[in-house]
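The values are calculated or read from the model by the stated rules, or taken from the named source; none is laboratory data. Please read all numbers here as calculations on a predicted model, not as lab measurements. Cβ sites come from the backbone with ideal geometry, for glycine too, and all protein chains shown count toward neighbours. Side chains are part of the model used for accessible areas, which takes the heavy atoms of the whole protein and leaves out ligands, DNA and RNA. Shrake-Rupley method; radii C 1.70, N 1.55, O 1.52, S 1.80 Å.
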Amino acid sequence: MELTAVSYIRWIPALPLIGAVLNGFAGAGIQRRFGERGIAILACAPVLLAFAVSVQAFLHLLSLEPESRFLLDRVAGWIDIGTMKADIAFLVDPLSCVMILVITGIGGLIHIYATGYMHGDQAFWRFFAYLNLFTFAMLTLVLGDNLLIMFVGWEGVGLCSFALIGFWWTDHKNTTAGNKAFIVNRIGDFGFLLGIFLIFWSLDSHGHGALAFRDIQHHAGSIADMHFWGWPVATLATLFLFVGATGKSAQIPLYVWLPDAMQGPTPVSALIHAATMVTAGVYMIARMNFLFAMAPETLAVVAGIGAATAFFAATIGLVQNDIKRVLAYSTVSQLGYMFIAMGVGAWTAGVFHLVTHAFFKACLFLGSGSVIHGMSNEQDMRKMGGLRTKMPITFWTFLIATLAIAGTPLTAGFFSKDEILWKAWSSEYGSPVLWVIGVAGAGMTACYMFRQVFMTFFGECRADPDVREHIHESPAAMTMPLVILAAGSLLVGFLGVPEFLGGSNHFHAWLAPVFEHGSHGAAHHGHHDVAMEWTLMMISVAVAATGVFIAYLFYFRQSFSAARVAAIGGGGPHRLLLNKYYIDEIYNFVVVGGTLLISRFLAWFDGAIVDGIVNATAAITRGVSAFNGLFDSRVVDALVNLLANRTYALGTRLRHVQTGGINAYLYVIVGAVTVVLLARLM
Amino acid sequence: MSLAVVLFYAFAIFTVVCAAGVAFSPNVVYSAFALMGTLLGVAAMYVFLAADFLALAQVLVYIGGILVLMLFAVMLTHRIANVNISNRSVGRLPALLVVGGITMIMGRAIYRTSWVVGTELPDGPSTYAIGTGFLGTYVLPFELASFVLLAVLVGAVAISRKELRDAQG
Amino acid sequence: MVGISLEHFLTVGLLLFALGLYTVLTRRNAIGILMGVELILNSANINYVAFARYGGSSTDGQIFAIFVIMLAAAEAAVGLAIVLGIYKNFDSIDVEATDTLRY
């Protein structure tokens, strides 16, 4: 593996950082003087410039040989203690190049969209400061050349997510949602940290302690037989890392923050919770694919959780009425597909779906934002309808993106999802069960997405009269990104046309050098049954079409009443789905309640026992000192006073000798002489 | 019993009686005159001891000087002093006891000791011997004594004069 | 002199001493006390001279006695000057009256 040392990569994260700093510290002033336009330019320019530099890096990589597509920009040293060495260095290889193009490209479009969406907001500048900061953190995450820099970015995106979800902080619901996102993320981050520690420690005990990805990859074989607490180290470490991924990428059991995160402004949902931050977990697994390939148990867990999440979230999405909630659960579900791909060793497929998903999900979210904007902030789909004629651009782009997510043939979503399903069936780590769950999920996806389209854009308008009057298409700043993203949803797929359909899967070839280590286990040389592939593809398309048809019947033709279906079983199942299986309530009771219980016990302990001990000590000290004082005043002082009194008494008695009378003195003299005389005589 | 012995006893008794007068007389003037008698008696003793110069010196100095001085003092202070307390004695019994005790002890000492009696001094004028002694062996004490007398002279004048000055000022 | 021995003179001296001591201890008049002191000195003188006569063949004792007489005179002078001073200050020569230095 040959490294090319460059020094311009650092500008990719640095430009948004500069933008964040300027917007953050000078934003209020700039907005006062130059208005929103000034901020808009100041915020969008860095990201678009970063995109330009990313394109430059891409072209640079193209000019190199596939085996040596490795650009390293070492900015400075950071930690160098003993065997632990981590530099501030940025790495561009095919995988991170894909990521930075997506982040800066789609991120840039969303920045432009947001200049229109956030129009009129007082804290316009603060929003863009945070948005730029987020872009910086996300770029750091994907560009970092070692686990620590990645973790810095990992935490950074969590922080910015918190700040942006709770952007309108005067409403308590928003801040609560932000807290929830951050705290749940932190739980995942704990697992991530444990993974990092374990990797470093186990490598170090063989003398190869390293944190940089290429170094870990180089020495990964040395820990193949190492065990820790009875588990193989590779399995344990990858499980810990995966816990981090479930937190960041909203899988079971740590997905609960994503639907609540819809409290934030729609551009935030689009950027963070559709296109970029939630994909961090997928990226991390792709980055560490060589380690995951050494741990089949973990891969099984990854695939299993991915499948379960995909199915689970899709069922909830079927009955939600908030336009953004549907999309949130859809995101969770699609992320599940990506994890299915990672879990069966189809790294490329997973990353491919990541890219296509970024396009159509961003388009869907921005489109919903446009709808909300046009509907004067109404988000309940039951109050929408018939917007097709009043918001044409929004309608068409939304429709295209929906076709993509449903897996309509020749759209981007079709190619990526289909590849995943095929790999789920055929890979050495895959199984038909995964495929069945995936297809079922795809069917439900098609169903609820088209339900959303029909409810929102077709039929008669069910909005309130005063809202209906103001329905209008969004300004160009908002519609232009929609168009670009919709085009992407159609065209990006052609990068990864699989071979059996006649394409040469450029995407796969592009990413091959990154995954050659991990692909040893994953059999895409395994079962290459073309006929099977065709069959499976047909079945999945048919299932998706069925889903669309059901939605059509229920919500377009109104042939069946959705309310009647909801009432099946006494309304119980419908309520269960509507309330998200009451998972949030269960978590609240068990986790939050349990924590509070423990903290109450500890508070009592501290107050009663610890304070008791301290107070007792204080009381003892007071007692001892009181005794000492008593002793001092009674005994010691008494002795001193006694001495003084005795001396005084003695003096009082003795001074009577001083009579002043000479006679007495003479007697004394004579007496003394007599005594002396007698003594001499004896 | 030769005449000398009788005379000796007479003078001895005279001396002691006068001394008793000094001690026991209530009136201080009487005491002063009794003292004079005592001093005369002592001078007689000196004669019996063949200390002729000393006897004369005794009479001249003691009686002629000291006694007169004492009489002056008595007269100066007697007039105004309270007659009642001028000569009253205090604490007779303890004094008697003490004195009696000392007397007995010393008496024992005198009579128990076997005195070694050396050759008696030849009778004759002792003036020459005393003079030689003063300017020979004892010249230093002699000079010091004159020094002391000077100091006493000055001191007495100083004390007296100071009193006078205070009384006047 | 035959018949008169050393003890006789010593006895006289002893008696004088006793009486002088008695005077010193019992008199309240300051001058009375001084007289007692003179008696004591005289008794000492008798002793000196007696021993000079009977003890050795020199006149040392007599010389001592002369010294004593001399110093007795000096002491009497100063003493009486002091008594006069006391008399001026206290208007009395009772030794019990001069007790301002008592406790």
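Can you tell me which of B:Leu54, B:Leu69 is of a type in the set (A, V, I, L, M, F, W, C), at the interface with chain C (Cβ under 7 Å from one of its Cβ atoms) and free of Cβ contacts under 8 Å to residues at least 12 places away in the same chain? Talk me through it step by step, then tell me what you get.
On the way: B:Leu54 fails: free of Cβ contacts under 8 Å to residues at least 12 places away in the same chain.
Sole residue among the options that is of a type in the set (A, V, I, L, M, F, W, C), at the interface with chain C (Cβ under 7 Å from one of its Cβ atoms) and free of Cβ contacts under 8 Å to residues at least 12 places away in the same chain: B:Leu69.
Scanning segment C:52-85 for residues that are open to solvent by 50 Å² or more (accessible area, probe 1.4 Å) and either β-branched (Val, Ile, Thr) or at pLDDT 90 or above (or both) turns up C:Phe64, C:Leu71, C:Glu75, C:Ile82. Where helices (runs of 4 or more DSSP H) fall entirely within segment A:596-682, those with at least 2 residues that are more than 30 Å from B:Thr103 (Cβ to Cβ) and within 14 Å of chain C (Cβ to nearest Cβ) are at A:637-654. Selection of first residues in segment C:1-26 that are free of Cβ contacts under 8 Å to residues at least 60 places away in the same chain and of second residues that are part of a loop (DSSP other than H, G, I, E, B), restricted to Cβ pairs under 7 Å at least 6 apart or on distinct chains, gives the following pairs, ordered by first then second residue: C:Gly3/B:Ser2; C:Leu6/B:Trp115; C:Leu6/B:Val117; C:Phe9/B:Leu49; C:Thr26/B:Val90; C:Thr26/B:Gly91. Taking each residue of segment A:628-645 that is at pLDDT below 90 and looking for partners that are outside any helix (DSSP H, G or I) with beta-carbon atoms closer than 9 Å, six or more apart or interchain, yields nothing.
Within segment C:71-93, is there a residue that is in contact with a strand residue (DSSP E or B) (Cβ under 8 Å, 6 or more places away or on another chain) and outside any helix (DSSP H, G or I)?
Yes - at least one qualifying residue is present in segment C:71-93.
Residue count for segment B:99-120 under the criterion of being within 18 Å of A:Met682 (Cα to Cα) and under 24 Å from the mean Cα position of the chain (by Cα): the result is 9.
Return the residue satisfying two criteria in turn: it lies in segment A:394-410 and is over 20 Å from A:Glu469 (Cβ atoms) and open to solvent by less than 30 Å² (accessible area, probe 1.4 Å), and of such residues it is nearest to the chain's Cα centre (by Cα).
It comes out as A:Ile405.
Residues that are modelled with pLDDT of 75 or more and open to solvent by 40 Å² or more (accessible area, probe 1.4 Å) within segment A:480-506 comprise A:Met480, A:Val483, A:Ile484, A:Ala487, A:Leu490, A:Leu491, A:Phe494, A:Leu495, A:His506, listed in sequence order. Evaluation of A:Thr175 against the conditions (1) open to solvent by less than 20 Å² (accessible area, probe 1.4 Å); (2) among the hydroxyl-bearing types (Ser, Thr, Tyr); (3) closer than 23 Å to A:Ala129 by Cβ shows that the sole unmet condition is (1). Taking segment A:159-172 as the range and being open to solvent by less than 10 Å² (accessible area, probe 1.4 Å) and closer than 16 Å to A:Val256 by Cβ as the test, the residues that pass are A:Ser161, A:Ile165.
Looking only at residues of segment A:190-211 that are touching a helix residue (DSSP H, G or I) at 6+ places or on another chain (Cβ under 6 Å) and not hydrophobic (A, V, I, L, M, F, W, C), we find that the one that is surrounded by the most Cβ atoms within 10 Å (Cβ to Cβ) is A:Gly195.
Kindly indicate whether B:Met75 is more than 7 Å from every other protein chain (Cβ to nearest Cβ) and either modelled with pLDDT under 95 or more than 28 Å from C:Asn29 (Cβ to Cβ) (or both).
Considered against the rule, which asks whether it is more than 7 Å from every other protein chain (Cβ to nearest Cβ) and either modelled with pLDDT under 95 or more than 28 Å from C:Asn29 (Cβ to Cβ) (or both), B:Met75 comes out as yes.
Residues in segment C:10-59 that are more than 7 Å from chain B (Cβ to nearest Cβ) and over 26 Å from A:Val668 (Cα atoms): C:Tyr48, C:Phe51, C:Ala52, C:Ser58.
Given the structure, is B:Leu35 within 9 Å of another protein chain (Cβ to nearest Cβ), farther than 23 Å from C:Arg27 by Cα and either of a type in the set (Asp, Glu) or buried (at least 24 other Cβ atoms within 10 Å of the Cβ) (or both)? If you could, list the steps in order and put the result at the bottom.
On the way: within 9 Å of another protein chain (Cβ to nearest Cβ): yes; farther than 23 Å from C:Arg27 by Cα: no; either of a type in the set (Asp, Glu) or buried (at least 24 other Cβ atoms within 10 Å of the Cβ) (or both): yes.
Taking the combined requirement at face value, the residue does not satisfy it.
The single residue among B:Val17, B:Val5, B:Val42, B:Val22 that is assigned to a helix (DSSP H, G or I), surrounded by fewer than 16 Cβ atoms within 10 Å (Cβ to Cβ) and within 7 Å of chain C (Cβ to nearest Cβ) turns out to be B:Val5. Counted as qualifying within segment A:305-393 are the helices (runs of 4 or more DSSP H) with 1 or more residues that are surrounded by fewer than 24 Cβ atoms within 10 Å (Cβ to Cβ) and among the polar types (S, T, N, Q), namely A:387-390. Pairing residues of segment A:572-593 that are under 16 Å from A:Lys180 (Cβ atoms) and in contact (Cβ under 8 Å) with a residue 40 or more places away in the chain with residues that are part of a helix (DSSP H, G or I) and of a type in the set (Ser, Thr, Tyr), at Cβ distances under 9 Å and at least 6 apart in sequence or on separate chains, gives A:Lys580/A:Tyr329.
Confirm whether B:Ala10 is free of Cβ contacts under 8 Å to residues at least 12 places away in the same chain, within 15 Å of C:Leu41 (Cβ to Cβ) and open to solvent by 10 Å² or more (accessible area, probe 1.4 Å). No; evaluated as a whole, the condition is false for this residue. Counting residues in segment A:287-302 that are within 30 Å of A:Pro267 (Cα to Cα), small (Gly, Ala, Ser) and assigned to a helix (DSSP H, G or I) gives zero.
Consider A:Ile183 carefully, then state whether it is hydrophobic (A, V, I, L, M, F, W, C) and either open to solvent by 10 Å² or more (accessible area, probe 1.4 Å) or not in a helix (DSSP H, G or I) (or both). Answer is yes for this residue.
Answer yes if at least one residue in segment A:216-237 is closer than 30 Å to A:Trp11 by Cα, part of a helix (DSSP H, G or I) and open to solvent by 30 Å² or more (accessible area, probe 1.4 Å), and no otherwise. Yes, some residue in segment A:216-237 is closer than 30 Å to A:Trp11 by Cα, part of a helix (DSSP H, G or I) and open to solvent by 30 Å² or more (accessible area, probe 1.4 Å).
For segment A:90-140, a residue qualifies if it is touching an Asp or Glu at 6+ places or on another chain (Cβ under 9 Å) and closer than 15 Å to A:Leu22 by Cβ, and the qualifying residues are A:Phe124, A:Trp125, A:Phe127. Which residue is nearest to C:Arg28 (Cα to Cα), if the candidates are limited to segment C:86-101 and must be within 11 Å of chain A (Cβ to nearest Cβ) and open to solvent by 20 Å² or more (accessible area, probe 1.4 Å)? Here the residue is C:Glu96. The single condition among (1) in contact with a helix residue (DSSP H, G or I) (Cβ under 7 Å, 6 or more places away or on another chain); (2) more than 28 Å from A:Pro296 (Cα to Cα) that A:Trp396 does not satisfy is (1).
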